[in-house]
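A.B. asks: Here it is, the structure in full.
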Amino acid sequence: MESTIEILTSNKNHAIFTRALSFTEELGTNLLFKSNPDSFKNAHVTSMEQYSSMYKESIENPEKFWTNIADDFFWKYKWTGKFMDYNFDLSKGNIFVKFMEGGKTNICYNVLDRIVNEKKLGDKVAFYWEGNEFSESKKYTYSDLLKEVCKFANVLKEKGMKKGDRVAIYMPMIIELVVAMLACARIGAIHSIVFAGFSADSLADRMIDGQCSILITADGGRRGTKELDLKSVADVAIAECTEAGLVVSLCIVVKNIKTNLVDECSSTKRSKDGTTSWNSNIDVWWHDIMENVNDECECEWMDAEDPLFILYTSGSTGKPKGVVHTVGGYMIYTATTFKFTFDYHNEDIYWCTADIGWITGHSYIVYGPMANGATSVLFEGLPIYPDAGRMWSICEKYRVSKFYTAPTAIRLLMKYGREFVKKYDRSSLTVLGTVGEPINPEAWLWYYNVVGEERCYIVDTFWQTETGGHMITGLPGVTPMKPGSASLPFFGVVPAIVDEEGKEYEKTIVDHGFLVFKQPWPGMMRTLYNNHSRYESAYFERFKGYYCAGDGCNRDEDSYYWITGRIDDLMNVSGHLLSTAQIESALIEHSSVAEAAVVGFNHSIKGTGIYCFVTPKNGIRFCDALVSELNEKVRARIGPIATPDFIQCAPGLPKTRSGKIMRRILRKIADGDRDVGDTTTLADPNVVEELFKNKPN
Ligand code: WTA
């Protein structure tokens, strides 16, 4: 079969597409993008007709579609009641979503025991771990992992952890992170993983919100030339928890780095070997408690609707939202999206460059790939360490066939030039995935032409922490690609676009509207931890009867969806959502600050950069020292990922007469765009000129 992937030339009016078009013309490439005809011969889906008929069944008869899939999993007891039950309409009562309720299973059993015992893949490598340094690598088979997970599950049980208890995890990208989360899942404890780039305050906030009594961490982590002193951060966070009345009874520490860590601030005692701050009341080494532990552990049989994990995502009010995913639906959804979106086959070597601390890592490093018995790369380091060829050297080393990264990483590597890519053999690659933000055409074409050698299929996957798995995505070798569009809905997903009033557009072409989903899919979040009313108000209040994604969206004549960005006060910085309100409140905490406003601006690598306008209190001089203190404040409150790109002095902010800050104008100033539009509604229009004058270079 000749598998020709065609770039459709429609939707010429769309800004992104127009730019893609001109860029392509500049390159002199014609608009037909071809994939290797052999790559997708045995694809799970081989034609648009097949996609359409499977899609039709998945939304008209979700029970039939998903039951076929769920049957391949192990269920201690099958569900007997309704396959799917839900209410998306607040006027009819509380919002709820349930799939396969009453069915009993265990996701850890399904990604380990089932793969080893039923699929007979025990000797297959689950993870090639590649360390920060070239010289470090290890491999772990499914059988290895099963043993380690059982051991650690026994440790957790021994420490009193049981079904429903929350366990916080703050770790670098090492295999113990995977072991820890699966061990929690095995005994029914709810894991709450906090990305290791978050600060002590952020870690403490999340532990307090989830009332986590145990923390699992490491003495440190390595990211390029930097060493992350995770244990000291954990110490501070635990102290903050204690202050807030939360008893953290145990901190399990993986010994991950060999060099001495010095922590002057810590009042806790040093460990026996004198390397890490240590509080012998609660701290224990992972390797100590794993000694002489039984490597068999019975699973806790969980209801399909029991919670599996909490993962926090930014909320527009500033307080992070604890998204809750449940066992059964999340399991079948991540497994299925992984299989189809990457057209996964047994012989594939798959690599997702995300950190497990984000949803992409949860769903597409751990649960989705493992549920398929896949072999993955787990990488501890950075894409540009020791140089910008590292990613491609890893692709060459392991013969990676399916690769998944974010536009921000592509843009970063683009800057270093194509020589770093060309140095390595990438002939094993067939599918290149992207996630996190709309991909700009320059990055798309570089990914396609340079990385993929005009041979690979690009899957642009739109989804969210809340959705658990892919929502809008192409299927390799089948869906014609348009750079910048995530294309069409995945099986079981029913998107729609609504206007300001929540009225759904019936016509195909929609120039601008809001993306919503009309019915649930198995991997959807069920609630926000201990805050169901916020779940209802954040996602179901604005547009009655729909799940609101919070993204602006267009639809073209081929029914392709084009995400245009957030409609709330969240900024997408390097593919991670950050709340402007949360950064503002960190800035205002500083005693010299009277007022602060934060907006996003166009950033060539991050996509969106963080621009802060700060009004000092009367009599306070705005100086470099203040700027660095403010930077520090944000880093301490949230973490290095939220470090401002610019902090500018704003003697006054553009406000309406009723005192509302006009962010539209601040965004223009941040972007250096003098076309600010109508300023007549401002209380004092002169502040705009003043702010342009004060703009740092
Ligand atoms: C954005 C990440 C366009 C979007 C998995 C969404 C995207 C938010 C894409 C969720 C994409 C993610 N195209 N926009 N392919 N993927 N987004 O929760 O704004 O960290 O709402 O989940 O990222 O970010 P989150």
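A.B. asks: For segment 504-525, give me the residue count where each residue is open to solvent by 10 Å² or more (accessible area, probe 1.4 Å) and in contact with a helix residue (DSSP H, G or I) (Cβ under 8 Å, 6 or more places away or on another chain).
C.D. replies: Adding up the residues that qualify gives 1.
A.B. asks: Is it the case that some residue within segment 227-243 is closer than 23 Å to Cys108 by Cβ, at pLDDT 95 or above and either out of contact with any Lys or Arg (no Cβ under 9 Å at 6 or more places or on another chain) or not in a strand (DSSP E or B) (or both)?
C.D. replies: No: segment 227-243 contains no residue that is closer than 23 Å to Cys108 by Cβ, at pLDDT 95 or above and either out of contact with any Lys or Arg (no Cβ under 9 Å at 6 or more places or on another chain) or not in a strand (DSSP E or B) (or both).
A.B. asks: Taking strands (runs of 3 or more DSSP E) that do not extend beyond segment 269-360, which have at least 3 residues that are open to solvent by 30 Å² or more (accessible area, probe 1.4 Å)?
C.D. replies: No strands (runs of 3 or more DSSP E) qualify here.
A.B. asks: Which numbered condition trips up Asn260, out of (1) open to solvent by 30 Å² or more (accessible area, probe 1.4 Å); (2) within 27 Å of Val634 (Cβ to Cβ); (3) modelled with pLDDT under 95?
C.D. replies: Tallying (1) open to solvent by 30 Å² or more (accessible area, probe 1.4 Å); (2) within 27 Å of Val634 (Cβ to Cβ); (3) modelled with pLDDT under 95, Asn260 fails exactly one: (2).
A.B. asks: Still on this model: State all residues of segment 51-83 that are free of Cβ contacts under 8 Å to residues at least 12 places away in the same chain and in contact with a strand residue (DSSP E or B) (Cβ under 8 Å, 6 or more places away or on another chain); if no residue qualifies, say none.
C.D. replies: Passing the criteria: none in range.
A.B. asks: Still on this structure, I have one more. Which of the following residues is under 30 Å from Ser199 (Cβ atoms) and touching a Pro at 6+ places or on another chain (Cβ under 7 Å): Val688, Val634, Val614, Val627?
C.D. replies: Just one listed residue meets the conditions, Val634.
A.B. asks: A further question follows. Please work out which residue is farthest from the ligand (Cβ to nearest atom), limiting yourself to segment 563-619 and to residues that are of a type in the set (D, E, K, R) and part of a strand (DSSP E or B).
C.D. replies: So, considering only residues that are of a type in the set (D, E, K, R) and part of a strand (DSSP E or B), the one farthest from the ligand (Cβ to nearest atom) is Glu595.
A.B. asks: Test Arg390 against the stated conditions and say whether it is more than 19 Å from the chain's Cα centre (by Cα), basic (Lys, Arg) and crowded, with 21+ Cβ neighbours inside 10 Å.
C.D. replies: Considered against the rule, which asks whether it is more than 19 Å from the chain's Cα centre (by Cα), basic (Lys, Arg) and crowded, with 21+ Cβ neighbours inside 10 Å, Arg390 comes out as yes.
A.B. asks: Name every residue in segment 647-667 that is open to solvent by 10 Å² or more (accessible area, probe 1.4 Å) and closer than 24 Å to Asp624 by Cα, in order of residue number.
C.D. replies: Ile647, Cys649, Pro651, Gly652, Leu653, Arg667
A.B. asks: Of all the residues that make up segment 53-79, how many are of a type outside the set (A, V, I, L, M, F, W, C) and within 18 Å of Lys518 (Cβ to Cβ)?
C.D. replies: 8
A.B. asks: A further question on this structure: Given the structure, is Gly224 over 17 Å from Gly322 (Cα atoms) and either out of contact with any strand residue (DSSP E or B) (no Cβ under 6 Å at 6 or more places or on another chain) or not small (Gly, Ala, Ser) (or both)?
C.D. replies: Taking the combined requirement at face value, the residue satisfies it.
A.B. asks: With the condition kept exactly as written, say whether any residue in segment 369-383 is part of a helix (DSSP H, G or I), within 16 Å of the ligand (Cβ to nearest atom) and closer than 24 Å to Arg455 by Cα.
C.D. replies: Yes, segment 369-383 contains a residue that is part of a helix (DSSP H, G or I), within 16 Å of the ligand (Cβ to nearest atom) and closer than 24 Å to Arg455 by Cα.
Yes/no matrix, rows are residues, columns are (1) at pLDDT below 90; (2) closer than 30 Å to Leu146 by Cα:
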| residue | (1), (2) |
| --- | --- |
| Ile216 | no, yes |
| Arg223 | no, yes |
| Leu246 | no, no |
| Ser266 | yes, no |
| Ser277 | yes, no |
| Asn292 | no, yes |
| Glu300 | no, yes |
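A.B. asks: Also: In segment 137-191, what count of residues is obtained for those that are under 25 Å from Ile394 (Cβ atoms) and open to solvent by 40 Å² or more (accessible area, probe 1.4 Å)?
C.D. replies: 7
A.B. asks: Answer yes if at least one residue in segment 515-530 is of a type in the set (D, E, K, R), within 12 Å of the ligand (Cβ to nearest atom) and out of contact with any Leu (no Cβ under 8 Å at 6 or more places or on another chain), and no otherwise.
C.D. replies: No; the residues of segment 515-530 include none that is of a type in the set (D, E, K, R), within 12 Å of the ligand (Cβ to nearest atom) and out of contact with any Leu (no Cβ under 8 Å at 6 or more places or on another chain).
A.B. asks: Does Ala625 satisfy the condition of being buried (at least 19 other Cβ atoms within 10 Å of the Cβ) and either in contact (Cβ under 8 Å) with a residue 40 or more places away in the chain or under 24 Å from Pro651 (Cβ atoms) (or both)?
C.D. replies: no
A.B. asks: Quick check on segment 568-576. Is at least one of its residues within 26 Å of the chain's Cα centre (by Cα), open to solvent by 50 Å² or more (accessible area, probe 1.4 Å), at pLDDT below 95 and small (Gly, Ala, Ser)?
C.D. replies: No.
A.B. asks: Which condition breaks for Gly164 when tested against (1) more than 16 Å from Glu305 (Cα to Cα); (2) touching a Pro at 6+ places or on another chain (Cβ under 9 Å); (3) assigned to a loop (DSSP other than H, G, I, E, B)?
C.D. replies: In the conditions (1) more than 16 Å from Glu305 (Cα to Cα); (2) touching a Pro at 6+ places or on another chain (Cβ under 9 Å); (3) assigned to a loop (DSSP other than H, G, I, E, B), Gly164 misses (1) alone.
A.B. asks: Would you please name the residue that is surrounded by the most Cβ atoms within 10 Å (Cβ to Cβ), looking only at residues in segment 402-433 that are away from the ligand (no atom under 16 Å from the Cβ), under 28 Å from Thr467 (Cα atoms) and of a type outside the set (A, V, I, L, M, F, W, C)?
C.D. replies: Ranking the qualifying residues of segment 402-433, first place goes to Lys402.
A.B. asks: Only one of (1) of a type outside the set (S, T, N, Q); (2) under 18 Å from Asp343 (Cα atoms); (3) open to solvent by 10 Å² or more (accessible area, probe 1.4 Å); (4) within 16 Å of the ligand (Cβ to nearest atom) fails for Val478. Which number is that?
C.D. replies: Result: Val478 fails condition (4) only.
A.B. asks: Those residues that are open to solvent by 20 Å² or more (accessible area, probe 1.4 Å) and either under 26 Å from Lys64 (Cβ atoms) or within 12 Å of the ligand (Cβ to nearest atom) (or both), I need them from segment 489-503; list them, please.
C.D. replies: If the condition is that a residue be open to solvent by 20 Å² or more (accessible area, probe 1.4 Å) and either under 26 Å from Lys64 (Cβ atoms) or within 12 Å of the ligand (Cβ to nearest atom) (or both), then Val494 is the only one that fits.
A.B. asks: Please enumerate the residues belonging to segment 349-368 that are in contact with a Ser or Thr (Cβ under 6 Å, 6 or more places away or on another chain), within 16 Å of the ligand (Cβ to nearest atom) and hydrophobic (A, V, I, L, M, F, W, C).
C.D. replies: Ala354, Ile359
A.B. asks: Something else now. Please list, ordered by first then second residue, the pairs with beta carbon atoms under 9 Å, 6 or more apart or interchain, first in segment 680-693 and under 9 Å from Gly652 (Cβ atoms) and free of Cβ contacts under 8 Å to residues at least 40 places away in the same chain, second among the aliphatic types (A, V, I, L, M) and open to solvent by 20 Å² or more (accessible area, probe 1.4 Å).
C.D. replies: Every condition considered, no pair remains.
A.B. asks: Return the total of residues in segment 434-473 being over 15 Å from Pro407 (Cα atoms), at pLDDT below 95 and within 14 Å of the ligand (Cβ to nearest atom).
C.D. replies: 0
A.B. asks: Being over 28 Å from Ser585 (Cα atoms) and surrounded by 20 or more Cβ atoms within 10 Å (Cβ to Cβ), is that true of even one residue in segment 529-543?
C.D. replies: yes
The values are calculated or read from the model by the stated rules, or taken from the named source; none is laboratory data. Since we're looking at a predicted model, the values are computed, not measured. With ideal geometry, Cβ positions are generated from the backbone for all residues, glycine too; neighbour counts draw on all protein chains shown. Quick note on the areas: whole protein, heavy atoms, side chains included, nothing else; ligands and nucleic acids left out. Shrake-Rupley method; radii C 1.70, N 1.55, O 1.52, S 1.80 Å.
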